1. Condition (residue is touching a Pro at 6+ places or on another chain (Cβ under 8 Å) and among the aliphatic types (A, V, I, L, M)) applied to segment 477-491: is it met by at least one residue?
2. Consider segment 126-147. How many of its residues are charged (D, E, K, R), free of Cβ contacts under 8 Å to residues at least 40 places away in the same chain and touching a strand residue (DSSP E or B) at 6+ places or on another chain (Cβ under 7 Å)?
3. Check segment 58-79 and report whether any residue there is more than 21 Å from Asp124 (Cβ to Cβ), open to solvent by 40 Å² or more (accessible area, probe 1.4 Å), modelled with pLDDT under 90 and among the hydroxyl-bearing types (Ser, Thr, Tyr).
4. Under 7 Å by Cβ, and 6 or more places apart or on different chains, what pairs join a residue from segment 114-125 that is assigned to a loop (DSSP other than H, G, I, E, B) with one that is among the basic types (Lys, Arg)?
5. Residue by residue through segment 513-529, note down the ones that are surrounded by 17 or more Cβ atoms within 10 Å (Cβ to Cβ) and not in a strand (DSSP E or B).
6. Restricting segment 221-271 to residues that are of a type in the set (Val, Ile, Thr) and in a strand (DSSP E or B), which is farthest from the chain's Cα centre (by Cα)?
7. Using beta carbons and a limit of 6 Å, which pairs, at least six apart or on different chains, have the first residue in segment 486-508 and over 16 Å from Ile444 (Cβ atoms) and open to solvent by 60 Å² or more (accessible area, probe 1.4 Å) and the second one assigned to a strand (DSSP E or B) and not aromatic (Phe, Trp, Tyr)?
8. Quick one: which of Val505, Val475, Val525, Val433 is over 30 Å from the mean Cα position of the chain (by Cα) and modelled with pLDDT of 95 or more?
Amino acid sequence: MPCERKTMRYGHSEGHTEVCFDDTGKFIVTCGNDGDVRIWENLDDDPKFITVGEKAYSLALKNGKLVTASSNNTVQIHTFPDGDPDGILTRFTTNATHVTFNSSGSRVAAGSSDFMVKVVEMSDSSQQKTLRGHEAPVLSVTFDPKDEFLASSSCDGSVVVWNIEDQTQVISWPLLQKTNDVSNASSLCRLAWQPGAAKLLAVPVESKVHLYERGSWDHVSTLSDDLLTQPLNVVVWSPCGRFLAAGSVGGFLNVWDVNSKLCIERQKHEKGFTVCGLAWSPSGSQIAYTDTEGCLGMLDGLGTPPTDKPAKDYDALFDDDDDGVMDEGLSDGASPVKKAVAADDEEDDDFLMPLTPFARHADTGSLKLGQDKFGDDDDDAGSAVLAAAAPLLPPRPVYEGPLPSAPQKAFQPGSTPAHLTHRFMMWNSVGIVRGYNDEQDNAIDVEFHDSAVHHAMHLTNSLGHALADLSQEAVLLACPSTDELASKLQCLHFSSWDTNKEWMVDLPQGEDARALCLGQGWAAVATSSLMLRLFSVGGVQREMFSLPGPVVCMAGHGEQLLIAYHRATGFDGEQVLGVQLLQLSRRKRQIISGEPLPLSRRSHLSWLGFTAEGTPCYVDSDGVVRMLNRSLGNTWTPVCNTRDTCKSKSDHYWVVGVHENPQQLRCIPCKGSRYPPTLPRPAVAILPFKLPLCQTSTEKGQMEEQFWRSVLFHNHHSFLSSSGYEVDEEARSQSQKEQQELLMKMFALSCKLEREFRCVELAELMTHNVVTLAIRYASRSRRLALAQRLSELALEKASQIQEEEEEEEEEEKRQTAGYSGHRQQEEEEGEEREEEELREEEEQQETEEAAETKPGQFHFVHSSESERSTEAAESSLSVFDVQVLGSGKPSASSGQPRVTNILDSMTAGRKSAALGGSAGKSSKNPVLKPLAPRPKTKTQSTLLQLTGSNKTKKSQESAEPQVPPPAPPAENTENQRPKTGFQLWLEENRKSITAEQPDLEEMDVIKEAMGRFRALSAEERNEKASDECVEKRFKRRDYSSWRFSGEEFKGQISFRGRSAQLKTIHFNKLNPNS
């Protein structure tokens, strides 16, 4: 039975769809979840439609009367083909699930979800018979051609035969799986009674068809196919009653010869979708079928008229030698019709059906197996003839691989299908655009979520706009072209400050707008000629470029443009899409160039857009939400599956927005559909995100999922900062804190499980400070080997941080080389002015204190460093002792070790008699004895201790200090001013700068140091400022009001003031300025 499978047409919204022919076979009638009944004269023309309700679950057509089961719990009648309402036939307490006519068209049977079956007379709807007995919703009903019995199937798992007049059950077979609702049933189990002779009742059970004999109700035979693995949904008989067709959940279409029990035709749905509707034309040459995606298809050429001399035996089928030549190289669908096969002598010869290559090219074993399996009553001679004929079949290659998939049509994200009279043209984070196209009005309503952006608008849709987008600046509309008018792009720029807020442009001849979007200050439209055109929001034409393939959809956010298009033809229900991501800022660049867009198996793209923070994301038809991971090479990471929260297979979520902070997926729940109705206004639900990691039910898996989700959803901070946007530093620090806390929890769990290697792996993800806590935890847990490895890791991280800082300093030095020299000059001038003020104050203090006891010299001695154990990586305190010595010679009893200090090389002395004068000269100012430099960490704090001596000035002058300063002894300290924080930092880091760049001259060294100093954090600079303040206070002898910034000190300073009494200043840790 060679046939041609025609290209499918989109007819209804996604969901259950049914199909039937009229009495003449001229029209095909379908109904679907959109509530429309569509009348097709052929698949090439656009259909007419009749709206019967919000949803249409089933339909039947006979004698010019169209009966439909709609969502308002009624069974309605319409005239055909006019579609005029003709009253309500019957009502149920819930939705009717299936309706059918009897053979004469005088009765209608309807099954409902309220467990009842009703038989209603068409001439008088008050004449009804109610059949009660099912314990679950009814799946299907079918009349006995003799109008005596009625068969029904139900979700309670039973198939029942009823006596119509007695309203009683004749027999019941428990054949099906039990479910609580039609939407949850594994099969619709659409029964079919054999026309004409009415001998057999066909019942689809799993992947087979059971045939029951009328009257005895015995199971007489079973039709099956080895290729069928999924349940059959619907069966239908040919008008002659000899052939039976079935459609399966897996998309297979099979036709059996009931007499021979052989499968004579196999076809596969081009996308593998579930076949839910099936109808055989009155002529017997066509089978129409519908799927759960709302599409209509057809198998044509199933039958041919009988030949004058039909073949009487199997060998006669191959007498024509030209058959092999004619069929060579042709596929099953293109193979010409062979000679007809004669029926048995006892059967009627009125309807003959040719044999398909599946049956003709079957091997002997399969034929014999089929005969034995179905218990054929042929005699041995017939079997011998069949076995002898089979080897004579000429082999012919047949393509059985995957078939090309129909490319997905272009759509607008956030919109419902265009064929609806009331639809959402756009629903995004800004507002809602609704379109109305009915007999009363053809208009567009624009509503804003925030009325402060703009008031609601009502626009007349005289041009027939089908595409729309909405932003904070404008509304963008586009209409398709007609025979007289070109496709137009219209923009209502409501944020414009002038009075002309609207502009319109005609696209070139032959170009139709397929997708459009709005961004910050720009608009984009993709056309049918693979062209993308950019406009300013005010109407200025900007750049344009060609797309690599037909556009599927587009989205815009700020300066980003995201485009999805077809890269190639997909096979076996797959869509091969590509994606481009462009940055339309001043420096235009392409971030993603033609990379594949990952989709779930046999799914299509259903939504594309950006998060509120500007991260690209999309949703496929399987409900999987994926987001761009910029930190992983612009890969796509699945972050949610909306199907996990759906209660039924027919339920879906319609996405309207995505937010990263807080983590929210905003969508509308749709029960039994993929999109919501316009009225009443649907409520928005919020779904959480969850990465599909392994074993998320365990504590370890949950923490891993939370950590990586936090990392992914906070990548936008770095992107926004690099793009010049303001970033919420508090939110960024909070996210980093959460991530480090999760790492520390996982570290503790791994320690508890004695997974030390895993602990080190987790520590590699930690920051330097958190590694310190990990070292402490490992030490307290007495895991010394782990603590040692973590200490090494901490050193590596410290070196990495230093290298990164050096790289940043080099970059900043290039940018601020000229500015640094100017700033340095200003600082030097300011220091000179400050030096003059200090000198005047010192001279005044010198005259006032001439007769008083002279203070000694101050010496800073650093305490011994903490032990180099696991505590070395912690934030430990550094201690400084400040002593007042009675003479220039240091006390030998102090015993303090000589170590480095960041305050080293600071000197504060008064004017001496001569540049190279004797060191025994008196010094009226305290002299700060410099020590060798010592590096200092950010978390270091100091303890200052100052001890005084009541030695006289003479004993102070008679001794020389034993510890030589690193500065040259002949250094002129007369006019030396206190060093700034930068100078202190330069003295510490001069050696490292000259070691890295030995060719630098003195001025270049200063410039390099200035660039690095500016790269320091505020905390590090404050440390230097504190040091500078210490030196200035020593210089001015203002011991009563020390000020320290950036550090907290604990300790005391003791000295003798003007009254020669011992005074003590306490430095409280909590109040460093007291």
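The values are calculated or read from the model by the stated rules, or taken from the named source; none is laboratory data. For clarity, every value in this text was computed on a predicted model and none was experimentally measured. Backbone-built Cβ (ideal geometry, glycine too); neighbour counts: all protein chains shown. We work out accessible area using only protein heavy atoms, side chains counted, and drop any ligands, DNA or RNA first. Shrake-Rupley method; radii C 1.70, N 1.55, O 1.52, S 1.80 Å.
1. Yes: one or more hits.
2. Adding up the residues that qualify gives 1.
3. Scanning segment 58-79, I find no residue that is more than 21 Å from Asp124 (Cβ to Cβ), open to solvent by 40 Å² or more (accessible area, probe 1.4 Å), modelled with pLDDT under 90 and among the hydroxyl-bearing types (Ser, Thr, Tyr), so the answer is no.
4. Met116/Arg132; Met122/Lys65; Met122/Arg107
5. To start, the set of residues in segment 513-529 that are surrounded by 17 or more Cβ atoms within 10 Å (Cβ to Cβ) comprises 513-519, 522-528.
Gly519, Ser528 - these are the residues of segment 513-529 that are surrounded by 17 or more Cβ atoms within 10 Å (Cβ to Cβ) and not in a strand (DSSP E or B).
6. Thr222
7. Asp506/Lys488
8. Working: Val475 fails: over 30 Å from the mean Cα position of the chain (by Cα); Val525 fails: over 30 Å from the mean Cα position of the chain (by Cα); Val433 fails: over 30 Å from the mean Cα position of the chain (by Cα).
Among Val505, Val475, Val525, Val433, only Val505 is over 30 Å from the mean Cα position of the chain (by Cα) and modelled with pLDDT of 95 or more.
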